1. Provide a single number: the residues in the stretch B:203-237 that are modelled with pLDDT of 90 or more and under 23 Å from the mean Cα position of the chain (by Cα).
2. Which of the residues belonging to the stretch B:25-47 are more than 20 Å from the chain's Cα centre (by Cα) and β-branched (Val, Ile, Thr)?
3. Has the stretch A:78-90 got at least one residue that is over 30 Å from residue A:142 (Cα atoms) and surrounded by 13 or more Cβ atoms within 10 Å (Cβ to Cβ)?
4. For the stretch B:318-327, which positions are out of contact with any Asp or Glu (no Cβ under 9 Å at 6 or more places or on another chain) and either more than 14 Å from every other protein chain (Cβ to nearest Cβ) or not in a loop (DSSP other than H, G, I, E, B) (or both)?
5. Please enumerate the residues belonging to the stretch A:8-34 that are at the interface with chain B (Cβ under 8 Å from one of its Cβ atoms) and among the basic types (Lys, Arg).
6. Has the stretch A:129-146 got any residue that is without any contact (Cβ under 8 Å) to a residue 40 or more places away in the chain and surrounded by 14 or more Cβ atoms within 10 Å (Cβ to Cβ)?
7. Provide a single number: the residues in the stretch A:432-464 that are under 30 Å from residue A:480 (Cβ atoms) and surrounded by fewer than 20 Cβ atoms within 10 Å (Cβ to Cβ).
8. With the structure loaded, tell me whether residue A:477 is surrounded by 15 or more Cβ atoms within 10 Å (Cβ to Cβ), assigned by TED's automatic domain parsing to the domain that holds residue A:357 and under 24 Å from residue A:381 (Cβ atoms) or whether it fails that test.
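The values are calculated or read from the model by the stated rules, or taken from the named source; none is laboratory data. Just so we're clear, the structure is a prediction, and the values are computed from it rather than from any experiment. Cβ atoms come from the backbone with ideal geometry, glycine included; neighbour counts cover every protein chain shown.
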Amino acid sequence: MNHGNKQIKNAQIETRIFNNRIFYSVIIVIIAISIIIFRFFYLQVIQHETLLFNSEKNRIKTTSLPPARGFIYDRNGKLLVDNLPTYRLQFIPEKVLDLKTKLDELKPLVKLDDNDIETLLLQVENNPAFKPIIVKPKLTETELSSFIVRKHTFSGFDAIPYLIRHYKYTNILAHIVGYVGRINDADNKRLDKNRYMGTEYTGKRGLEKYHEKSLHGQPGTLIVESNAQGRVLKSIEQISPVSGNDITLTIDIDLQKTAYQALGELTGSVIAIDPKNGEILAMVSKPGFDPNDFVNGISQVKYSSLINSIEKPLFNRSIKGGYEPGSTIKPYIALAGLYNNIIGINYKMFSKGYFQLPNKDRKYHDWKEGGHGNINITQSLAQSVNTFYYDLAIKLGIDRIHDFLIHFKFGELSNIEILGEMRGLLPSRKWKKDKKGTIWYPGETVITGIGQGYFVNTPIQLATSLSILANKGLFVQPHLIKKDEIIEKQIFLDIEEQYWSTIHQGMIDVVHSAKGSARAIRNPNYLIAGKSGTSQVYGKKEEDVYNKNIETPKHLRNHALFISFAPANDPKIAVVVVAEHGSSGSGTAAPIAGIVIEKYLSDILKMNQPGNK
Amino acid sequence: MIQNQHNFHNKRHYVDWWLLSLIVLLMCYGLLVLYSAGGWVLVKQQMIRMALGIVAMLFLAQLKPEKLSGIAPWLYIITVMLLIAVLIFGYESKGAQRWLKIGIRFQPSELAKLTIPLVLAWFYRYRVLPPDFKSILISIVMLLMPVVLIYKQPDLGTSIMVGVSGIFVLFLAGLSWKYIVSGIATVATAAPILWHYSLSAYQKRRVMTFLNPENDSLGSSWNIIQSKIAIGSGGLFGKGWQNGSQTQLDFLPEHSTDFILSVLAEEFGLIGVVILLLIYLAIIFRGLYIAFQAKDTFNRLFAGALTLTFFVYVFINAGMISGLLPVVGVPLPLVSYGGTSILTIMASLGMIMSVYNHRKLLKS
C-alpha cells in the first residue's frame, strides 16, 4: 500500500470503479443542471409577471409637477401677489454623515447661528430620516453661490429651486389676501392628495384660503425612465401642470394705501365700497403684518411678538371687530320712523337736553348741555340730537326697530370672501329672552335709538347697511373678487322717495350745514353724506363721560365711527371708518373718510376729465 | 473497451476539435452578452484575454501528462508558499488580500485551482484504489493547507472551488460512500461552528443575505434582489439584446462579472439560458468522456476533477445569481469579464485536452 506497490493495483477493478464514478458524475451533473433550469423556469415563467412589474417599477419613476399658483391683481391690473423663483437649502438626514460638523461648516456660508443649528438638530430627531429638512428657505444670491461652489463637500445637502409666494404689499393688504404656508398634517387630511402631489404650500388665511381651489391649479405628471442612481435618462410622458387662475380684486391698491395711511397712528378699520355694484374698493384693518413671514413658517420670536402685541395685528378688524354702531344708527332709526308713519317729513320735536321715560328718574342726556331746541329730522341728524332718537325709539318700540333694521343686514353675515367673519348682533325681544332669559326693558329701547346697548356690528356690516342706505334700498352683495355680473336685489318696495331724500339730506347736512358735526371735511366739488358715531368703550366712570376736563387714558377712549357716501346725489363710494379709541366720530373718523373719498373721487374725476365737473 | 478511435490525424494536430469549437462557441456567446453589459471597451479587453487563453490552452494541450505529473509536487509547494506570501505581503483590494505583485499582479489562489487536482492526482497515481484511510487523511491535509490559506485572505468563493476540486479527485479515486456521507455530515455540523468563530462580518452578511434577501432591500441583499428581477423580467424570450432595463439602467450590480448570467437571462430569456447551459453541458460531457478514455489513473483523476470543477463553477454561479446559493463570488466560466479566471479555466481545459491527445490507444 506504499508508493510503488504496483503489484497489488488491480487495473480492471480500478477502471470499473472509475467508470462507475464517471457515471455518477454524469448523473449529478444532469440533476444539478436540471435544478438550475428549473430555478430559471420558476423565475422566468412562473414569477415572470411579478418580477417584470418590479423591473418596470425600477425603470419608471413618476414625479408630479406642482402647478404655479395664480397671481392676484388689483382692480386696475396692478400686481399684488406673485411667485418668485428662489432657492432653499435643505438636507436629507440619512445622507449626511456628520451633521453637526457640516452644519458648523455651513454657518459662515449661509449665516446660521447656534440657535438655528440647535433647532435643526432637534428637527432631525423628530423627522423620518429620508424626509428633507430645510436649513434656510430663502438663500440670498451670495449665500447660494458660496454654497454651490462648495456643494461637493456637503453630500446630502442641496439647494433646491422653487417658486415662493411673494406679497408685494405687506401690512396694508395682509388681512385681505392672507397668506399661504407649508402644508401640515392637518392640511394633508383636508386636501385632495392627487391635486396636491408635489405641492408644498396651501392657502392658510384670507383670500388665499377662501380661493384656494381656483388659485391652486392642477398638477401635472412627469413619467421618466431613470437609472439606479436616479438620473433621468428620458421622459416617457409629460402632462403639464395647469397654473392656478389669476384673481382680480375689486380693491384699488392706491386707495387701500391711502386708507391705511389715513388712519395714522390709530388702529381700526376703513372700508370703502362702490354701493352700486358691491365692489369693495378698500378694506383696511390696521395694524397689519407681513404675510411673507408666514410662507415658510414664521419664527417663534416674530410670532409671539405678533400674538402678544396689544394692538393685535393678526386680528382682522374689518370682519371680526365688534363695535356698537353708536350714532351712525340714527339715519336708519329716522327712516324707520318715517316708514312706520310714526313721524312725517316735517316732524319736529323740542330738545331740552335730556329724555326721561314716564315715571322713571333716570335721565338720558343730549351730548349738548341744555339741548338743541326745536329740531326737525335733518337737523336731528346734522347735530346728532340724542333726545330726538330716544323719543323716536320709544315711539317705535324695539320690535319695529328690529324688524326694520333687519332689512339693512344688521346682525347678519356679509358673506364676504374671507373666512372667519363675526356675526354682529341686532338685539330683539326674542334674542334677549333666549340668551339672557329676561324680558326687554323700555330703557334698553331708549339707548338702542342711539346705537348703544347690545348692538354689535363689524365694519363690513356697517358698510353693507350703508350701501343699502346710499342705494335707497338696493342691496348688492359686497365682494372682493371682480365679477362680470352683479346680483342685484331690491329689498323695499314701498319706501317713498321723499323719505330717502330726507334722510340723505340730513346726512348731507352733517357735512355741509353750518351746524353739521363733520363740516370740517366739506368739499366744494361734491356733496358728501355722512354720519358720525362713537362706540362706547366700557370701564369709564359714569360722571366722567360728560366731563371734558378729564383726559381719558387712551385705551379707555371711545371708538370713533363715521359712515359716509359721495357724491350724495349719485353715490360712487361709501366709506366706513372705525378709528379705535379715536374719541370723536366727527373729529377723528370723519377726516379719514374725507381723505379716502377725496382720493377716490378725484382719481375718477381725473379719468373722466373732459365732460364732468 | 472503446478502441475504435483511429484518429491518428489528431495526434499530429494535438487539438480536440470538439472541445475547441465548443469553447469558441461559448466565448462568442459570452462576448455578445458582455457587449450589452459593458460595451466595446470590455469586449476588446476580453477578446485579448480569450486569445491569450486559447494560446495557453493549445500550448498545454501539447505537453505530455507525464511532465505535468513530474512537476506536480513542486508546483504544490510553490503554490502553498505563494499563498503564505500573499497573507504576509499581499496587496489589498476590496477588503481582501488576494494579489501578489511579481512584475504583474498575480493571484496565487487561481494557481491553486490547477495545482490541487494535479497534486492529488499525482498522489494517487500509483496507490491502490479505492484509497485507504491513511492516504485519505494525507490527501485531506494536502488539500486543507491551501484551502485554509485562501479562506484566510479572505476569499470564500475560491477556497470553496479549490476544496471542491480536491474532493472531486478523491471522489473519482473511489472514495467509499461511507466517507462521503460522513464527510457531508461533518461539514453540516461544522458549519455553525465556523459561522461563529471563523466567518468575517462581510461573509456572514452574504450568507444572511442569501437566507433572507428581502430583509433589507437597499443593503447587502440589493444585488440578489435586482438579479432575480433581471432574470424573471426576461421571461421566456428575453427583452432583447441591449434592451434589458435592469442591466442598461444599472439596477443590476456587477453585471459584467459575477452577474453576467442575469444579463443573459434578462435579454435572451429562458431560451438563451438553456442554450448556454447546453453548451456547458456539452463541454462537461466532453471532459468526462476524455477522462473516461484516459490512459492511466493520473490522467483520469485530474481530467475528471478539472471537468467537474468546471461544472461546479457553472452550478455555483448560476445558483448564486438566481438566489439558490449564497453570493460567494464565483465567475461564470469563459463568460464573466475578468482575466485571471479566463486564463485559469483555459489552462485547465488545455490540460484536459492534453489528456485527450495522449489517451490510451489500442491499449491491451
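1. Summing the residues that are modelled with pLDDT of 90 or more and under 23 Å from the mean Cα position of the chain (by Cα) in the stretch B:203-237 gives 3.
2. B:41, B:43
3. Yes.
4. Hits for the stretch B:318-327 are B:318, B:319, B:326.
5. If the condition is that a residue be at the interface with chain B (Cβ under 8 Å from one of its Cβ atoms) and among the basic types (Lys, Arg), then A:9, A:21 are the ones that fit.
6. Applying the first criterion (without any contact (Cβ under 8 Å) to a residue 40 or more places away in the chain) to the stretch A:129-146 yields A:129-131, A:140-142, A:145-146.
Next, from what is left, pick out any that are surrounded by 14 or more Cβ atoms within 10 Å (Cβ to Cβ): A:146.
Taking every residue of the stretch A:129-146 in turn, at least one turns out to be without any contact (Cβ under 8 Å) to a residue 40 or more places away in the chain and surrounded by 14 or more Cβ atoms within 10 Å (Cβ to Cβ).
7. 1
8. No, not satisfied.
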